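The values are calculated or read from the model by the stated rules, or taken from the named source; none is laboratory data. No experiment lies behind these values; they were computed from the predicted model shown. Cβ atoms come from the backbone with ideal geometry, glycine included; neighbour counts cover every protein chain shown. Just the protein is used for accessible areas: all its heavy atoms, side chains included, with ligands, DNA and RNA removed. Shrake-Rupley method; radii C 1.70, N 1.55, O 1.52, S 1.80 Å.
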Amino acid sequence: MSEMPKAYDPKAVETPIFAAWLAGGYFEQQPLPEGERPFTVAIPPPNVTGSLHMGHALNNTIQDVVVRRARMTGRPTRWVLGTDHAGIATQNKVEQLLASQGLRRQDIGREAFVEKCWEWRAEHGSTIIGQLKAMGCSCDYSNEWFTMDPSYQEAVRRVFVDWYDRGLIYRGKRIINWCPRCSTALSDIEVEHEDLDSHLWHFRYPLKDPVGARDHVVVATTRPETMLGDTCVAVHPDDERYRDIVGATVVLPLIGREIPIVADDYVDPTFGTGAVKVTPAHDQNDFEIAERHGCEKINILQADATISPAGGRYAGLSRYEARRKVVADMEAAELLLGIDDHVHAVGHCYRCHTVVEPWLSDQWFVDMKPLAVPAIDAVRDGRVVFHPKRWENVYFHWMEGIRDWCISRQLWWGHRIPVYYCDSCDAKPVASMDDLTECSQCGGSMRQDEDVLDTWFSSQLWPFATLGWPKHTPELDYFYPTSVLSTARDILFLWVARMIMSGIDFVDGKVPFDDVIIHPTVFNAEGKRMSKSLGTGIDPLDLMEHYGADGMRFGLMLQATGSQDIRFAEEKLGSSRNFANKIWNASRFVLMNLDEHFVPGEPEVTTVADAWILSRLADLASQVDEHITTYQFGEAARALYDFFWNEFCDWYIELSKGRLFAGARDDATEAEQGARLASQRNLVFVLDIALRLLHPMMPFVTEEIWCRLPLSEWRRASSLMVAAWPDPAELARFRDEAAERSVSKMLEIVVAVRTVRARYKIAPRQGISVVVRTQAETDVQLLDAEFTYLNALGGIDSFVAATDAVKPAHSVTVVAGGMEVYVPLEGLIDFEAERTRVAKELAAASSDLAKVARKLANEGFLAKAAPEVIEKERSKEAELADRVAVLRGQLDELEA
RNA sequence: GGGCGAUUAACUCAGCGGGAGAGUGCCUCCCUUACAAGGAGGAAGUCGGGGGUUCAAAUCCCUCAUCGCCCACCA
């Protein structure tokens, strides 16, 4: 067995271990003919343009934890891996690359551009995969998917054609969100709204012919430039102020177009002037008003958001120049009546943050309502469960108000829409699985739609397309539905909801996953979104460099509490890195104290400490198992940390030293040697189980150590990855409440004595004698039996314990474990300080006692509280009364 | 305009009906043969304000305040 260095060095350990896992084929899982339902996770495919950020680090740690636990339980397990072609993001990257060579994509043409995208992907696409490996993620690397793989393309096409043929996909001229920079349509949920300080401009629109005394109407707008496309003015039908001018004609200033005044329920009479200028080509509501009243729809913007020829002399100006000029011209014409400050929501492109324009254009849509209904049911009846549960309400709210999905994008990189048009005859457009060249009606040549599909259209098929769908593969049969989907909340609608809809629709009505984990969002220390461009991000790779992959993972798990977002500060990883080192050193201690011919064996309870630690271990196993399976990672991490550090290291290892060292002496008796062996076996056993429980969160350090543990043949495995997950039910045999109580009593005494030592600066090596008085004979027996521990941990040389023990002169009294402990301090006692301290303790104890007494005097409490609660209060009262009496006696004595 | 979340020790956060917890930081002591990335001890909180329910509230309900997020067609 090779020597373990004094400090854990993640760098030296992680790479070879990962290589060994990869070589060992532990990440792969083939479909089995029979047996238990497998555990499957489909990774949220990172964008090929992406590199690992903190959100990925958290999300993939979560997935790896559930996957590793499942694998250790023996369940066939597969974590499906792959990347997303990320239409806009990748196209942007490649366009930037071209721009650096002074080229636009139009210069090289569609085919060459798409070729460049593939090249880009080949070069950069696996960056993030390498980063997942560095984290230790146990994905199936042998089977990496890409959303543009040929079989995936077939899946996308199948879905399109199917929905098209069922009438769920249609083409229409609608108001969509247009990003002038990306030069493509976006779906509603790809637009981020941001409240901006702006203005409400009031314009006077003259009537063509005065109606009575009225010769104009005043409208208010947040977007003055859109007036170039106004085709009517709307007022509310019940609005008395305008009743007489409904039907009249307005002459649109600057343009001179004659437009009608219409009455429409949409108008809110209390807002602005109660009269709305209507620009049907640049506003969804205006579009609908125009539909209802048969008004013209004039598009005044071009694709790059400059004014179109329809804007007359404003043509060619940018939208913002046009705004300034329109306002200036209106003012010059004395038609600008006022400008109010006004905050309103402005939509921005979620990819490039350019202000988007509502724009009238021909696009493809999916009719979502029929798909949403079964997907709502699936969550409502619990076939899909969200964690935390409250996200279900967010899901319902969105799904119930779902609107049609604009799926066409004016990009080149992506799944091209498989619809073919005949230019020679009036044949209906055809959606086809095969490329069509010849019109079936007239034999003329066919032309494919120029647009590609929204990237999310392909992402929505991820859980089943990565298992071979639409082919009926053994993988699909075996691994679908997947078990858990873990993701950030910002893609709940973009991705999660759509996977549920398409999964149910295409895979025999089966939901794509049982559980959805919506994990916390990782913010920076200031509580702001991490952003690479703003330099407010933290790079997980740097963190792993400094704290090790395990340190980063465990630090994230400690903070993953489910409800609360994470304000991530790097300092927080320190304790996790230290924890890895603690595990390392505790293990090092155990291994250092094994004999060359150590024979592993079952744990042997020979002392109360053994019974105690095994009982605590059993408790730990059930907690960790429970918390991981209910996705309470923070709880699981804390339980592991507390057990390993505070119970196993601080106490059990310390308690073991006496037996270990005594049994190793040359003159050790046979009994001492036997005790040493028992201690060794217990240490190895506890360490073994603890490492297994820690492994999902800290895979590297646990694997490295575990492989060095000498274990019985049946406990061995070629890797901790596939070692058996501790079974809480099986470990329950170690539960021992009596031992837990006894040990806490002893530990209390040790702490009390240590406190006295610290207070009086008694050197650790200087022995100490104590006298203990207790009411219980069992306490005396316990202390007698476990004296070695008091000696080892409290430096107690000798003690007298009895029910009638007498307090020695010149001694300090502390109360611990329901016993009075007298520590003789001849000549050392600082009476003044002691008085202050005791008085303070007495005050606290008296106040506690009064509180308890009040409770016990309350008839309502006695009548209604649970019996065990009352019992607890009674014993608390007795304890406190005791304590108060002791402290009072002590104080009297000090004051005498 | 709706909805959600947060508010607990100096900081970051657990706890979510029955004795206020952790990590970091701070103070004191200790390089004791697993670990100074460590050990021992300690100080530190009217659990955002106000009501209510309950024998009992940090925990449940209402309300207010502050911060943050999401959804929404009010020009």
Net charge, A:V852 excluded, C-beta distance under 12 Å - Lys, Arg +1, Asp, Glu -1: +3
Here the gain from full extension of A:K864 to A:E194, 0.36 nm per residue of separation minus their alpha-carbon distance, amounts to 235.8 nm
Surface accessible to a 1.4 Å probe, per residue, for the residues of chain A, Å²: 43 Å²
Only Lys, Arg (+1) and Asp, Glu (-1) charged, at Cβ; chain A dipole about Cα centre in debye: 800 debye
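How would A:I417, A:I189 rank on accessible area, largest to smallest, probe 1.4 Å? List each step's numbers first, then the result.
Numbers: A:I417 0, A:I189 50 Å².
Per-residue accessible area, sorted high to low, gives A:I189, A:I417.
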Any helix of chain A counts here only if DSSP assigns it H throughout, its Cα atoms span 15 Å or more along the axis, and its mean Kyte-Doolittle hydropathy is at least -0.5, and such helices are A:10-24, A:54-72, A:87-99, A:369-380, A:540-559, A:572-592, A:608-629, A:654-664, A:670-694, A:737-760, A:831-857
Give the residues of region A:274-302 whose amide nitrogen is closer than 19 Å to a point set 7 Å from the Cα of A:D362 in the direction of its Cβ. A:281-282, A:297-302
Tally Lys/Arg at +1 and Asp/Glu at -1 over every other residue whose Cβ is under 9 Å from the Cβ of A:A263; what's the total? -3
Ignoring ligands, DNA and RNA, how do A:K208, A:K582, A:K761 rank by accessible area with a 1.4 Å probe, largest first? A:K761, A:K208, A:K582
Positive dipole terminus of chain A, leading residue within A:P699, A:A792, A:V246 (C-beta point charges): A:A792
Ranking A:A618, A:G125, A:V80 by how far each Cα lies towards the positive end of the charge dipole of chain A (+1 on Lys and Arg Cβ, -1 on Asp and Glu Cβ), the top one is A:G125
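Find, among the trypsin sites (Lys or Arg not before Pro) in region A:87-122, those assigned to loop by DSSP (not H, G, I, E, B) with at most 10 other beta-carbon atoms within 10 angstrom.
Of the trypsin sites (Lys or Arg not before Pro), the ones in loops of region A:87-122 whose Cβ has at most 10 other Cβ atoms within 10 Å are A:R104.
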Projected onto the charge dipole of chain A (+1 at Lys/Arg Cβ, -1 at Asp/Glu Cβ, origin at the Cα centre), which of A:F598, A:S100, A:W163 gives the Cα projection farthest towards the positive end? A:S100
Could you pull out the GluC sites (Glu not before Pro) across region A:389-494 that fall in loop regions by DSSP (anything but H, G, I, E, B) with no more than 16 other Cβ atoms inside 10 Å? A:E450
How much accessible surface does A:S440 have with a 1.4 Å probe, in Å² rounded to 10? 120 Å²
Taking only DSSP H segments of four or more residues, each worth -39500 (n - 2.57), what value at 222 nm results for chain A once the sum is divided by all its residues, to the nearest 500 deg cm²/dmol? -13500 deg cm²/dmol
Hey, for a label at A:A738 modelled as a point 7 Å past Cα toward Cβ, could you say which residues of region A:612-627 have their backbone N under 14 Å away? A:612
Any idea of A:F831's accessible area? Nearest 10 Å², probe 1.4 Å. 100 Å²
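Would you tally the net charge around A:R588, using a Cβ to Cβ cut-off of less than 13 Å, leaving A:R588 out, and scoring K and R as +1, D and E as -1?
Neighbour charge sum, excluding A:R588 itself: 0.
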Could you order the peptides A:296-302, A:674-680 from most to least packed, using the average number of other C-beta atoms within 10 Å per residue? A:674-680, A:296-302
Region A:235-313 - charge dipole about Cα centre, Lys and Arg +1 at Cβ, Asp and Glu -1, debye rounded to 20: 400 debye
For A:A724 and A:S440, FRET efficiency with R0 = 56 Å and r from the beta-carbon atoms, rounded to 0.05? 0.35
Largest-first ranking of A:Y152, A:Y320 by accessible area, probe 1.4 Å, whole protein assembly kept, is A:Y320, A:Y152
About the Cα centre of region A:661-736, how large is the charge dipole given +1 on each Lys and Arg Cβ and -1 on each Asp and Glu Cβ? Please answer in debye to the nearest 20. 180 debye
So, with a 1.4 angstrom probe, what is the percent of accessible area on chain A that is carbon and sulfur? 50 percent
Once all protein chains are kept in place, A:E240 shows an accessible area at probe 1.4 Å, nearest 10 Å², of 130 Å²
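Return the FRET efficiency for the residue pair A:L32, A:T536: r is the Cβ-Cβ distance, R0 is 45 Å, and the value is rounded to the nearest 0.05.
That gives a FRET efficiency of 0.45.
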With a ≥ b ≥ c taken as the square roots of the eigenvalues of the C-alpha gyration tensor of region A:420-541, please select rounded if a/c is under 1.5 and otherwise prolate if a/b is larger than b/c or oblate if it is not? oblate
